[in-house]
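These notes concern the structure reproduced below.
The values are calculated or read from the model by the stated rules, or taken from the named source; none is laboratory data. Given the structure is predicted, the values throughout are model-derived calculations rather than measurements. Here the Cβ is made from the backbone with ideal geometry for all residues, glycine too, and neighbour counts use every protein chain on show.
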Amino acid sequence: MDSLVSIIIPAYNRSQLISETLDSILAQTYTNWECIIVDDGSTDNTTNIVKEYSIKDSRFSIKNRPSGKQKGANACRNYGHKLSKGDYVLFLDSDDILKNTCLENRLHVFKTSKSIDFVIANSSYIKDNVFYNKPICEFPSDFSSEKYLNLFLSYKFPWTIMSVLWKKETIQDFEFDENLMRLQDIDYHIKILLAKPYNCYRINKIDNYYRLNDKKSFSEKTVNLNLISLIEFNQTQLNQLDLEKHKKYLTQFNCKIVLQFLTPNFNKNRIISNRVLFCLFNSKIYNFKQKTYILLLMFFLNTNLFNLRRIGMNKFRSHFRVVMNLVY
C-alpha cells in the first residue's frame, strides 16, 4: 500500500482563503493522504467551511486546539503532528497553495532512496491571484544539511515551512517552540539540523506557493512581534549552538533583523527596539568592536541622527554590516 502523508494545517479566521488551500490538496495526483486542520479559536466561518470538506471527504479532519495549549500556530502544529498517522509529514499554512503533483514528486524521491530523511522543493509567491515563477529560495541541490543550517542561522533561508516533506521518524522528537510568536519555523528547522547530519534531497522545481501580503509583513504589529521574538530566539540559540562554530552566522541573523525591521521602524517600536539592542549588547556572541557599534546605533536612533543629512549615516550602516559579519 502507498505511504500515508499527513498534511497539518493550523487555521485562524481564514474563511476567505482556506478553501483554495484545501482544493489544492484535493487536486493532488497522489491520493493517500490525511489532512488535519487544527483551528486556533476562529471567530469567523473557518470551522464550518472545513467541516463541509470533512463531510465530503473523510481524508479531511478538523480539530480544535486543546484549551490547555497556548494560542498560536505553533501549538496547533504540535497538536496536529501528535495526532498524525502518516509515514511522511507536510506542514502547510492555511493560505498556501500546492501544485497538483507536489506530493507525488516528493514521494518519488523517497522511493528512489530509503536513506533520504527529507525532501525539499522550491516555493514561490502568489499575490492577487498571480502565481510567480521565480523561487523564493534558490540554492544548489547538492547542499549538505550543515550548509543549510548555516543559511538558517544567518537569516538566509534555504526553504519555507511548506517546502519540505519530512520522513515522520526524522522529526518525531521535535516540536515547534510554542512561546515564539515569530521566527518559529526558523527555530524549528535549526533544532532539527543541529541534531545530526541528514541525508536530504532538493527538487529544483516550484511546487507550492506562499501568499504574499506586503502590508502585513511590515505592519507595526508584525515588526513588534519579530523584535520580541528575536530576544527569545537568541536565548534559545545561545543554549544550543556551538558558539565558536556558529556565532558569526547568528550575528548575521541579528544584523539583518535590525536593518530590515528595527531601524526603519524605530520610532513606532522604540521601547522594544531599545530592549532588543540592549540584549544584543549584553550577548556573549559579540566582541568589543561589535558592542561599540551596537551602542552607537542605539545613540543614533534615539537622538534621531539617522534623519539628518550629511553626517555619514549611510557610511555608518555600511560599516555596521561589515562589523556584524554581514558580508559573503
I'd like to know if segment 250-268 contains one or more residues that are crowded, with 20+ Cβ neighbours inside 10 Å, among the hydroxyl-bearing types (Ser, Thr, Tyr) and in contact with a strand residue (DSSP E or B) (Cβ under 7 Å, 6 or more places away or on another chain). no
Would you check if LYS147 is closer than 30 Å to LEU243 by Cβ and without any contact (Cβ under 8 Å) to a residue 24 or more places away in the chain? yes
Residue list for segment 1-33, filter: under 23 Å from the mean Cα position of the chain (by Cα), assigned to a loop (DSSP other than H, G, I, E, B) and charged (D, E, K, R): ARG14
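Quick grid of which residues meet (1) more than 26 Å from ILE257 (Cβ to Cβ); (2) not hydroxyl-bearing (Ser, Thr, Tyr):
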position	(1), (2)
LEU83	yes, yes
VAL109	yes, yes
THR112	yes, no
ILE126	no, yes
PRO140	no, yes
SER144	no, no
ASN150	no, yes
LEU165	yes, yes
Among (1) crowded, with 19+ Cβ neighbours inside 10 Å; (2) part of a helix (DSSP H, G or I); (3) at pLDDT 90 or above, there is one condition ILE228 misses while meeting the rest; what is its number? (1)
Across (1) at positive phi; (2) at pLDDT 95 or above; (3) not small (Gly, Ala, Ser), PHE174 clears everything bar (1)
Confirm whether LEU180 is in the same structural domain as LEU98 (by TED's automatic domain parsing), within 28 Å of LYS99 (Cβ to Cβ) and outside any strand (DSSP E or B). no
Condition first: touching a Leu at 6+ places or on another chain (Cβ under 6 Å) and under 30 Å from SER67 (Cβ atoms). Now tell me which residues in segment 145-186 satisfy that. MET162, MET181, ARG182
I'm told TYR210 meets every condition in (1) closer than 24 Å to PRO264 by Cβ; (2) at pLDDT 90 or above; (3) in a helix (DSSP H, G or I) except one. Can you identify the failing condition by its number? (3)
Where residues in segment 143-171 are in contact with a Ser or Thr (Cβ under 8 Å, 6 or more places away or on another chain) and either assigned by TED's automatic domain parsing to the domain that holds ASP242 or assigned to a helix (DSSP H, G or I) (or both), which of them is nearest to ILE97 (Cα to Cα)? MET162
